[in-house]
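The structure that follows is given in the form of structure tokens.
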Amino acid sequence: MSAPRLGFVGLGWIGRMRLEALTEAGAAEIVAVCEAVPERLAQAGGAHPKAARFTEYESLLERAEEMGLDGLVIATPNALHAPQTLAALKRGLAVFCQKPLALDAREARDMVDAARKADRLLGVDYSYRFTEGARELKRLVEAGELGRIFSLELVFHNAYGPDKPWCFDPALSGGGALMDLGVHLIDLALWLLGDPAVRAVHGAAFRGGVRERGRVVDDFASARIEVGEGAVIDLAVSWNAHAGRDCDIRTALFGTAGGADFHNVDGSFYDFELARLAGRTTTVESRESRDWMGKAILDWVDHLAAGRGFDPEVERSVVVSEVVDAIYG
């Protein structure tokens, strides 16, 4: 396949960021854009004058074959991910979906099963896996350089929180900080460990410092996940917590032969460094900035251009949803 012909659905901040990443790389041909907000649609249409413009998703799908679409990038509110992805797969289109893949594990399973049945590539925008630091962590684990990994500590505290009204509507968002940020950490931990079996999940979601049960728009959540043959994953996420900086993002691994710490620098959302830990010694291995942000979608496009169909890796997204369900449950 030459450069895939793609449609973009949802042109808020994250949708525009992913659109810009593909445009700058020249990795795809943008043939359709879909957005209900006129100003956003006009902005995207101006940048891609040859792309057909749509205000309704159904209208785009009706013309998918006529436009020769190969796939869709979906960056709409969480509650729309499942119905829009299922409709696209039914028409034989590949899909790159914003995280979280679905509101719950049942929806996620339906989406993955549909992708397998259609033999279409279904990707999820878990972008932190594509940072250089995370890739090096993965290499260290697989090479055994840290020994047997028995503990992971992950945090993602966003001192601002989202500015979109739908994020605070549980019917559209499916949850709060856990759905927004926690899914990144759960996916990253399972990916680093090679997708171990999840043995147990213990967690809590809070709103305004009060512990809540069920599906709530939480502003703080914490959990302990027991996996594999005894490894433990501890995580905490928040919106508007007293983090002392714009954000605090960290993934620390502890093994029998050493440790590693991948974290953001000076409260930045974009700058990260990786350090190796040995006894009382910390050695900074690498630093990186914004270049990682569009790599997940570029990887998906590369696979689509190579003719890849269903990728079993997306099964991890079902497990991520199962863990989220357990924490909220």
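Among what's in the stretch 164-186 and is of a type in the set (D, E, K, R) and surrounded by fewer than 23 Cβ atoms within 10 Å (Cβ to Cβ), pick the residue that is nearest to the chain's Cα centre (by Cα). Break it down stepwise before answering.
Initial filter on the stretch 164-186 (of a type in the set (D, E, K, R)): 164, 169, 180.
Within this subset, residues satisfying the condition of being surrounded by fewer than 23 Cβ atoms within 10 Å (Cβ to Cβ) are 164, 169.
On the way: 164: 18, 169: 20 Å.
Residue satisfying both the conditions and the ranking: 164.
Let's see how each residue does on (1) among the polar types (S, T, N, Q); (2) touching a Lys or Arg at 6+ places or on another chain (Cβ under 9 Å):
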position	(1), (2)
260	no, yes
265	no, yes
276	no, no
283	yes, yes
290	no, no
296	no, yes
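May I ask you to verify whether residue 140 is part of a strand (DSSP E or B) and within 30 Å of residue 282 (Cβ to Cβ)?
Numbers: part of a strand (DSSP E or B): no; within 30 Å of residue 282 (Cβ to Cβ): yes.
Criteria not met by residue 140.
Can you find a residue that is of a type in the set (S, T, N, Q) and either open to solvent by 70 Å² or more (accessible area, probe 1.4 Å) or part of a loop (DSSP other than H, G, I, E, B) (or both) anywhere in the stretch 143-163?
We begin by selecting, within the stretch 143-163, every residue of a type in the set (S, T, N, Q); these are 151, 158.
Narrowing the set further to residues that are either open to solvent by 70 Å² or more (accessible area, probe 1.4 Å) or part of a loop (DSSP other than H, G, I, E, B) (or both) leaves none.
No, because not a single residue in the stretch 143-163 is of a type in the set (S, T, N, Q) and either open to solvent by 70 Å² or more (accessible area, probe 1.4 Å) or part of a loop (DSSP other than H, G, I, E, B) (or both).
Scan the strands (runs of 3 or more DSSP E) fully inside the stretch 235-287 and keep the ones with 1 or more residues being among the polar types (S, T, N, Q) and under 23 Å from residue 202 (Cβ atoms). Working first, answer last.
Working: elements: 247-255, 258-264, 272-278.
Filter on the stretch 235-287 gives 247-255.
When the stretch 280-306 is examined, which residues are found to be modelled with pLDDT under 95, over 22 Å from the mean Cα position of the chain (by Cα) and of a type in the set (Gly, Ala, Ser)?
The answer is 286, and nothing else.
Applying the selection to the stretch 40-49, what residues are under 24 Å from residue 305 (Cα atoms) and open to solvent by 60 Å² or more (accessible area, probe 1.4 Å)?
Listed by number, the residues that qualify are 47, 49.
Would you say residue 212 is modelled with pLDDT under 95, among the acidic types (Asp, Glu), open to solvent by 10 Å² or more (accessible area, probe 1.4 Å) and at negative phi? Break it down into steps so the answer makes sense when it comes.
On the way: modelled with pLDDT under 95: yes; among the acidic types (Asp, Glu): yes; open to solvent by 10 Å² or more (accessible area, probe 1.4 Å): yes; at negative phi: yes.
The answer is yes for residue 212.
Within the stretch 22-39, how many residues turn out to be within 23 Å of residue 163 (Cα to Cα) and surrounded by fewer than 20 Cβ atoms within 10 Å (Cβ to Cβ)?
Going through the stretch 22-39 one residue at a time, the tally reaches 4.
Say we look at the stretch 209-225 and pick out the residues that are basic (Lys, Arg) and closer than 17 Å to residue 103 by Cα; which of these is farthest from the chain's Cα centre (by Cα)?
Looking only at the stretch 209-225, we keep the residues that are basic (Lys, Arg), and these are 211, 213, 215, 224.
Adding the requirement that they be closer than 17 Å to residue 103 by Cα leaves 213, 215.
Values: 213: 24, 215: 20 Å.
By that ranking, first place goes to 213.
Results for (1) open to solvent by less than 20 Å² (accessible area, probe 1.4 Å); (2) farther than 24 Å from residue 179 by Cβ; (3) among the polar types (S, T, N, Q), shown as yes or no for each residue.
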residue: 51; (1), (2), (3): yes, yes, no
residue: 59; (1), (2), (3): no, yes, yes
residue: 62; (1), (2), (3): no, yes, no
residue: 71; (1), (2), (3): yes, yes, no
residue: 74; (1), (2), (3): yes, no, no
residue: 81; (1), (2), (3): yes, no, no
residue: 87; (1), (2), (3): no, no, no
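The rows are residues; the columns are (1) touching a residue at least 24 places away in the same chain (Cβ under 8 Å); (2) among the aliphatic types (A, V, I, L, M); (3) in contact with a helix residue (DSSP H, G or I) (Cβ under 9 Å, 6 or more places away or on another chain); (4) within 22 Å of residue 277 (Cα to Cα).
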| site | (1), (2), (3), (4) |
| --- | --- |
| 146 | yes, yes, yes, yes |
| 149 | yes, yes, yes, yes |
| 158 | yes, no, yes, no |
| 185 | yes, yes, yes, yes |
| 188 | yes, yes, yes, yes |
| 217 | yes, yes, yes, no |
| 221 | yes, yes, yes, no |
| 230 | yes, no, no, yes |
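May I ask you to list the residues in the stretch 304-323 that are of a type in the set (Asp, Glu) and either surrounded by 14 or more Cβ atoms within 10 Å (Cβ to Cβ) or touching a residue at least 60 places away in the same chain (Cβ under 8 Å) (or both)?
311, 315, 322 - these are the residues of the stretch 304-323 that are of a type in the set (Asp, Glu) and either surrounded by 14 or more Cβ atoms within 10 Å (Cβ to Cβ) or touching a residue at least 60 places away in the same chain (Cβ under 8 Å) (or both).
For the stretch 257-272, which residues satisfy the criterion of being under 30 Å from residue 161 (Cα atoms) and either of a type in the set (A, V, I, L, M, F, W, C) or surrounded by 17 or more Cβ atoms within 10 Å (Cβ to Cβ) (or both)? If you could, list the steps in order and put the result at the bottom.
The first filter runs over the stretch 257-272 and keeps only residues under 30 Å from residue 161 (Cα atoms), leaving 260-272.
Across the stretch 257-272, the qualifying residues are 260, 261, 262, 264, 265, 269, 272.
May I pose another question? I'm trying to understand the selection: among the residues of the stretch 1-21, which are surrounded by 13 or more Cβ atoms within 10 Å (Cβ to Cβ) and aliphatic (A, V, I, L, M)?
Residues of the stretch 1-21 that are surrounded by 13 or more Cβ atoms within 10 Å (Cβ to Cβ), as a first pass: 3-12, 14-21.
3, 6, 9, 11, 14, 17, 19, 21 - these are the residues of the stretch 1-21 that are surrounded by 13 or more Cβ atoms within 10 Å (Cβ to Cβ) and aliphatic (A, V, I, L, M).
The values are calculated or read from the model by the stated rules, or taken from the named source; none is laboratory data. Given the structure is predicted, the values throughout are model-derived calculations rather than measurements. Don't worry about glycine lacking a Cβ; one is built from the backbone with ideal geometry, like all the others, and counts go over all protein chains shown. SASA here: full protein model, heavy atoms, side chains in, ligands and nucleic acids out. Shrake-Rupley method; radii C 1.70, N 1.55, O 1.52, S 1.80 Å.
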